[in-house]
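Colleague: Have a look at this one.
Every read-out reported here was derived from the displayed coordinates using simple, explicitly stated rules and does not represent laboratory data. The model shown is predicted, which means the values in this text are computed figures rather than measured ones. As a convention, Cβ positions derive from the backbone with ideal geometry for all residues, glycine included, and neighbour counts pool all protein chains shown.
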Amino acid sequence: MKIATFNINGVKARIQALTDWLAAAGADVVVLQEIKSVDEGFPREHFEDLGWTVETHGQKGFNGVAILSRLPLEDVARGLPGDEADEQARYIEATVIDSIPVRIAGLYLPNGNPAPGPKYDYKLAWMERLRLRGAELLASEMPVVMLGDFNIIPEPRDAARPQAWVDDALFLPESRAAFRRILHQGWTDAVRIRDPWATRGPFTFWDYQAGAWSRDDGIRIDHLLLSPQAADLLIETGIDKEARAGEKPSDHVPVWVRLAA
DNA sequence: ATGGTAGGTTACCTA
């Protein structure tokens, strides 16, 4: 089972780029972030006609997440538990039915800038809710993949120019500590273990501004965290970097794992 | 130190 995450930065603006990548990538399950669409506005039929099951959790203008799957989905849940007043659409879960069922948690973690401030407080509170949900998912002892745009640069080597991020909510010590608190529950950072001694990169995001792509001024903020039962099934990990060089690209590229499930 | 780009929305906001 090949499982991918892709922050597409607007599903309607990216419909061709996304369709082309889906045809080439051979993924079974794709979680999307920043669909920037309400559920009724998502081009559901376009993807259903191509053979995908579509589950969305959208909102007007910003944010919004979705799951596209070639395999059956069960027990779809929308929204991160822990705050009934939170109206931002950033989280969706489903169980993918294959030889071994896999629980998928797709997320778009708050950016948090500017920090300090209310947006940063929201980011940290959201991460604490994610930690609590993460503990429940691990307790299920299912294979679980928690994946998406975490808006976290875990370490200096995850940025081409770490010094440019020292005051940014993606890289502040408190943000990175909150990420480690989740990771150290027992998750495996699938991309990092592929090349544990790398001193620079790999990256998953290059800003549109200031020629970041042409200068390879990237950061790694899109992550796939595997529960122990999922890590035991891990075959392969990849970053589809060439997507950043295509027509009308997202500023993020797809990141994926292949599991023996 | 600044400004650079992109998408969605409705005159700015988010990233």
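Colleague: Taking amide H positions as placed in the peptide plane 1.01 Å from N, state which residues far from A:Ile152 in sequence (5 or more) or on other chains have amide H under 5 Å from it.
Modeller: When sequence neighbours closer than 5 places are left aside, there are no close amide H contacts.
Colleague: Net charge within 14 Å of A:Leu138 by Cβ-Cβ distance, Lys/Arg positive one each and Asp/Glu negative one each, not counting A:Leu138 itself?
Modeller: So the environment of A:Leu138 carries a net charge of 0.
Colleague: Classify chain A as rounded, prolate or oblate from the Cα gyration tensor: take a ≥ b ≥ c as the square roots of its eigenvalues, call it rounded if a/c is under 1.5, otherwise prolate when a/b beats b/c and oblate if not. The partial results should precede the final answer.
Modeller: Numbers: a/c = 1.23, a/b = 1.13, b/c = 1.09.
The shape class here is rounded.
Colleague: Just in the range A:159-215: which chymotrypsin sites (Phe, Trp or Tyr not before Pro) are loop by DSSP and have at most 14 other Cβ atoms within 10 Å?
Modeller: On the way: sites: A:Trp165, A:Phe171, A:Phe179, A:Trp187, A:Trp197, A:Phe203, A:Phe205, A:Trp206, A:Tyr208, A:Trp213; in loops: A:Phe171, A:Trp187, A:Trp197, A:Phe203, A:Tyr208, A:Trp213.
Taking the range A:159-215 and a limit of 14 other Cβ atoms within 10 Å, the loop chymotrypsin sites (Phe, Trp or Tyr not before Pro) found are A:Trp197, A:Tyr208.
Colleague: Return the sequence-ordered ³J(HN,Hα) values of the range A:43-55 in whole Hz as given by the Karplus equation 6.51 cos²θ - 1.76 cosθ + 1.60 applied to θ = phi - 60°, using x for Gly and Pro.
Modeller: x, 4, 5, 4, 7, 4, 5, 8, x, 9, 7, 10, 10
Colleague: Still on this structure, please answer the following. When the helix-only estimate is applied to chain A (DSSP H runs of n ≥ 4, each -39,500 (n - 2.57), divided by the residue count), what is the mean residue ellipticity at 222 nm, nearest 500 deg cm²/dmol?
Modeller: Details: 6 runs with 59 residues, N = 261.
-6500 deg cm²/dmol, from helical runs alone.
Colleague: Which of the GluC sites (Glu not before Pro) across the range A:21-104 are loop residues per DSSP, with 12 or fewer other Cβ within 10 Å?
Modeller: Details: sites: A:Glu34, A:Glu40, A:Glu45, A:Glu48, A:Glu55, A:Glu74, A:Glu84, A:Glu87, A:Glu93; in loops: A:Glu34, A:Glu84, A:Glu87.
Answer by residue number: A:Glu84, A:Glu87.
Colleague: On to the next question. Under a Cβ-Cβ cut-off of 12 Å, what is the net charge of the residues other than A:His252 that fall near it, where Lys and Arg count +1 and Asp and Glu count -1? Mind dumping the intermediate values first?
Modeller: Details: positive: A:Arg14, A:Arg220, A:Lys241, A:Arg244; negative: A:Glu34, A:Asp149, A:Asp207, A:Asp222, A:Asp240, A:Asp251.
Result for the local shell: -2.
Colleague: With θ set to phi - 60° and the Karplus curve 6.51 cos²θ - 1.76 cosθ + 1.60, what are the ³J(HN,Hα) couplings of the range A:57-74 in order, to the nearest whole Hz, using x for Gly and Pro?
Modeller: Computed from phi, the couplings for the range A:57-74 are 9, x, 8, 6, x, 10, 6, x, 10, 7, 10, 10, 9, 8, 9, x, 10, 10 Hz.
Colleague: Could I ask something else about it? Can you list the trypsin sites (Lys or Arg not before Pro) in the range A:1-50 that are in a DSSP coil and have 15 or fewer other beta carbons within 10 angstrom?
Modeller: A:Lys12
Colleague: Within the range A:1-86, what percent of beta bridges assigned by DSSP are antiparallel, to the nearest 5?
Modeller: About 65 percent, rounded to the nearest 5.
Colleague: In whole Hz and in residue order, list the ³J(HN,Hα) couplings for the range A:187-199 that follow from phi through the Karplus curve 6.51 cos²θ - 1.76 cosθ + 1.60, θ = phi - 60°; x for Gly and Pro.
Modeller: Per residue, the Karplus-derived 3J(HN,Hα) values read 8, 10, 7, 4, 6, 5, 6, 5, 9, x, 9, 4, 9 Hz.
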